[in-house]
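Please read the structure below before turning to the comments.
The values are calculated or read from the model by the stated rules, or taken from the named source; none is laboratory data. Please read these numbers as outputs of a predicted model, since none were measured by experiment. As a convention, Cβ positions derive from the backbone with ideal geometry for all residues, glycine included, and neighbour counts pool all protein chains shown.
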There are 2 protein chains.
Amino acid sequence: MEDHTQVEEEFQLARRASRAETSFIREILKLTARNDIISFAGGMPNPKLFPVDAIREATDKVLREDGANVLQYTITEGYMPLKEFISQRYKEKKGLEISPDKILIINGSMQAIDLIGKLLLNPGDNVILENPTFIGALQSFNILEANFVGVNLEEDGLDISHLEAQVASHKSNLSYLIPNFHNPTGITYSEEKRQNIAEIFKSNRIMVIEDDPYGEINFSGALNPSFAEYYPEGTFLMGSFSKIISPGMRLGWVTSPNRKLMEKLVVMKQAADTHASNLSQRIIHQFLCDTDLNQHIDNIKKVYKAQLDAMVEAIEENFPKQVKTSIPEGGMFIWGILPERYSASALFDLSIKEKVAFVPALSFYAHQDVDNTFRLNYSNADEDDIKTGIEKLGRCLKEYLI
Amino acid sequence: MEDHTQVEEEFQLARRASRAETSFIREILKLTARNDIISFAGGMPNPKLFPVDAIREATDKVLREDGANVLQYTITEGYMPLKEFISQRYKEKKGLEISPDKILIINGSMQAIDLIGKLLLNPGDNVILENPTFIGALQSFNILEANFVGVNLEEDGLDISHLEAQVASHKSNLSYLIPNFHNPTGITYSEEKRQNIAEIFKSNRIMVIEDDPYGEINFSGALNPSFAEYYPEGTFLMGSFSKIISPGMRLGWVTSPNRKLMEKLVVMKQAADTHASNLSQRIIHQFLCDTDLNQHIDNIKKVYKAQLDAMVEAIEENFPKQVKTSIPEGGMFIWGILPERYSASALFDLSIKEKVAFVPALSFYAHQDVDNTFRLNYSNADEDDIKTGIEKLGRCLKEYLI
């Protein structure tokens, strides 16, 4: 028989296929999976905090009590009691009235980017994005052949005058923002800017995808307000169990009060992959019934805050003063800025030799035109590794920034 | 606070959004979920055959032994030991050499339709489809703005002269086929037709998506050959755990020997939702390690064959002779054809009053222009319900076909 294990022939591909390129950051993450490397590169939660036993017990329970239904096909919209939990939590934590029937359960909140993109974007349409932003969003919108309109970020959110200029010069119907503990910069939008931005979007009929995977990991006080408060009809609010329970189970949600849009989004989801894992939905719902989620999240915050503090202390001791870093109020990332003439990609080449990894942020920019910034993840490294890794990175910085 | 639970405002949607309509069959399935209805409408496996205890034990084991990894993010490509199992099984059962690194794990094989469609189809491109075909494929391709080119089905596969005529008159680079125990018709392609069709596609540079969710549920002898045997470079072969283990876990795969295409498909998957559930992958892999899959599938086949026989017997006793039915060699569906001037949709209106449901096949046709055919599912009803339901349906038929 002919060897079919590898065949290279050219077939006619779609226009968008040329935009499906393996990313540099992906290669970094493969590299940093090696055990001998101290990695601040990934964006992963600390696996020590996964509630493994509680998930095991929840699984045992749902399979024993309702196995035949748990393993069967289910409706595309998602498991209603899980959606009721999400709705109730929005009410308690953020004062938001979100009806369970306006929530769609998906494979991690990221899937909403693809589904909403399909719903709103024709090829060539402009999408307003933070510059820099989440690389997965760039990847999704890119495959949908969107055109990126980047808006500069300040410490309290989008640069309003830049936003106004970009909105005026680029007709658009969609924006994508991460207002809480932003990835990659760690910044959080002020309430004033949220209101201000909502008004600008509202008056220009621009919908906003509010991605909020980190919102619950806030180190101080109450949860931040959502665009769903100021501009409900134009907001797709996303949420995720990835950072508070488990990312490997791939479960998140998206909601909008607009019934017609949610109905179409359900069809988009159905056409994509029928429904999110019924087993995952039932396990997480059971876990939520049997666990004090607030206490579980408090524990995550305590650990991450200690790791953040360790990293900040090590940075103060070891980084040259020319390197600016910003300290987040929650989430998983510290942001670093080198003096303008330096390259974080070049710094990476030095630090990887010392077996320390981070992410040069070039790939996070819509037009990949800024190379002096970088992202440090503190959630997935213990305090000893943080101390050792930042010391080494400090030495690389001193060597590089002559 | 303003009531945000329902808001209707018009925003600018993408062109493809007009194609995201709730389907009639979806409404039928909601209706038939009622307990007082005998339903032959769905396409669901029999939940009595789900290996609930074995799945429970497999879950317990992977969470106890490797919980922190099982609940963490993983690579987009999928869990290598699971892919090795799939590769090995193709070799044993079909003599196919498929390298594990050419397999991508996805959320049920259906997700491959969206991913491959994104890879190959520009808006307006022609897709060659069986007429009728799987409604989920019509839905996916429709949202990708494909143009449907239907080819008539005969009892042993596509009508070759119709295929040749359609290929000659509609330039196309993609086809979608279900050669084994086809949904909705239950037919199976002959080996001769498979070869013949592969040659036609090959000489016209048309790639083929071979959807094979039912292939393992064959009531007689060895598994059927794949297009991957005759036309490897042009075949995307899909497979699924939905019909042999559990559909609720949403796990399937797609493979092609073409490295470049698989790499791009991995990027499409990553941009859609990062990766398939790590937990589901690990559970199913553990289940496959600890269970005799052949014996498990033999048990499914035994039960389904008995249900099929019960339905065929009841049909022979109760249906008027003008109604033609075709008896499948495997899978889950019997196909029914009314005399041309009658409507299966009208028959449905009669039978639902008698609390018996089936699917009028109108929605399965690319151009929804044939209404005298229908699909009966026998996998998800016990023999008593089959007897009672077919008797009632027989009475409706006699009343309708005056």
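See the values below:
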{"quantity": "Some residue of the range B:217-237 being at pLDDT 95 or above, surrounded by fewer than 24 Cβ atoms within 10 Å (Cβ to Cβ) and under 18 Å from B:Phe141 (Cα atoms)", "calculated": "no"}
{"quantity": "Residue check, B:Lys93 at pLDDT 95 or above and within 11 Å of another protein chain (Cβ to nearest Cβ)", "calculated": "no"}
{"quantity": "Residue, modelled with the lowest pLDDT, within the range A:253-305, restricted to residues that are hydroxyl-bearing (Ser, Thr, Tyr) and under 22 Å from B:Ser23 (Cβ atoms)", "calculated": "A:Thr274"}
{"quantity": "Flag for A:Val127 being aliphatic (A, V, I, L, M), closer than 25 Å to A:Pro360 by Cα, in contact (Cβ under 8 Å) with a residue 60 or more places away in the chain and not assigned by TED's automatic domain parsing to the domain that holds A:Ile334", "calculated": "no"}
{"quantity": "Search result, residues across the range B:103-153 that are among the aliphatic types (A, V, I, L, M) and within 13 Å of the chain's Cα centre (by Cα)", "calculated": "B:Met110, B:Ala112, B:Ile113, B:Ile135, B:Ala137, B:Leu138"}
{"quantity": "Breaking point among (1) under 16 Å from A:His285 (Cβ atoms); (2) at the interface with chain B (Cβ under 10 Å from one of its Cβ atoms), for A:Leu49", "calculated": "(1)"}
{"quantity": "Hits in the range A:52-63 - residues which are facing chain B (nearest Cβ under 7 Å) and without any contact (Cβ under 8 Å) to a residue 12 or more places away in the chain", "calculated": "A:Val52, A:Arg56, A:Asp60, A:Leu63"}
{"quantity": "Odd one out for B:Thr74 among (1) out of contact with any His (no Cβ under 6 Å at 6 or more places or on another chain); (2) polar (S, T, N, Q); (3) in contact (Cβ under 8 Å) with a residue 12 or more places away in the chain", "calculated": "(1)"}
{"quantity": "Some residue of the range B:32-46 being in a helix (DSSP H, G or I) and surrounded by fewer than 16 Cβ atoms within 10 Å (Cβ to Cβ)", "calculated": "no"}
{"quantity": "Helices (runs of 4 or more DSSP H) (entirely within the range B:91-190) containing at least 1 residues that are buried (at least 24 other Cβ atoms within 10 Å of the Cβ) and among the small types (Gly, Ala, Ser)", "calculated": "B:111-120, B:135-143"}
{"quantity": "All positions within the range A:213-242 that are within 17 Å of B:Asp273 (Cα to Cα) and either away from chain B (no Cβ under 11 Å) or not hydrophobic (A, V, I, L, M, F, W, C) (or both)", "calculated": "A:Pro213, A:Met238, A:Gly239, A:Ser240, A:Ser242"}
{"quantity": "Matching residues, the range B:196-250, being more than 15 Å from the chain's Cα centre (by Cα), in a loop (DSSP other than H, G, I, E, B) and either among the hydroxyl-bearing types (Ser, Thr, Tyr) or closer than 26 Å to B:Asp292 by Cα (or both)", "calculated": "B:Phe219, B:Ser220, B:Gly221, B:Ala222, B:Leu223, B:Asn224, B:Pro225, B:Ser226, B:Tyr231, B:Met249"}
{"quantity": "Lone qualifier among B:Asn278, B:Asn299, B:Asn318 - being within 14 Å of chain A (Cβ to nearest Cβ), in contact (Cβ under 8 Å) with a residue 60 or more places away in the chain and on the phi < 0 side of the Ramachandran plot", "calculated": "B:Asn278"}
{"quantity": "Which numbered condition A:Leu261 fails, given (1) surrounded by fewer than 23 Cβ atoms within 10 Å (Cβ to Cβ); (2) within 11 Å of chain B (Cβ to nearest Cβ)", "calculated": "(1)"}
{"quantity": "Evaluation of B:Met1 against (1) modelled with pLDDT of 70 or more; (2) over 20 Å from A:Glu77 (Cβ atoms) (one fails), failing number", "calculated": "(1)"}
{"quantity": "Subset of the range B:77-89 [without any contact (Cβ under 8 Å) to a residue 60 or more places away in the chain and within 11 Å of another protein chain (Cβ to nearest Cβ)]", "calculated": "B:Ser87"}
{"quantity": "Residue among A:Ala272, A:Ala344, A:Ala357 that alone is buried (at least 22 other Cβ atoms within 10 Å of the Cβ) and within 30 Å of B:Ser246 (Cβ to Cβ)", "calculated": "A:Ala272"}
{"quantity": "Out of B:Glu84, B:Glu77, B:Glu97, sole residue that is more than 21 Å from the chain's Cα centre (by Cα) and within 13 Å of B:Leu237 (Cα to Cα)", "calculated": "B:Glu97"}
{"quantity": "Verdict on A:Glu21 being acidic (Asp, Glu) and facing chain B (nearest Cβ under 9 Å)", "calculated": "yes"}
{"quantity": "Conditions (1) modelled with pLDDT under 95; (2) within 22 Å of B:Pro213 (Cβ to Cβ); (3) out of contact with any Ser or Thr (no Cβ under 8 Å at 6 or more places or on another chain): number failed by B:Gln368", "calculated": "(2)"}
{"quantity": "Test: A:Ile245 is touching a residue at least 40 places away in the same chain (Cβ under 8 Å) and within 11 Å of chain B (Cβ to nearest Cβ)", "calculated": "yes"}
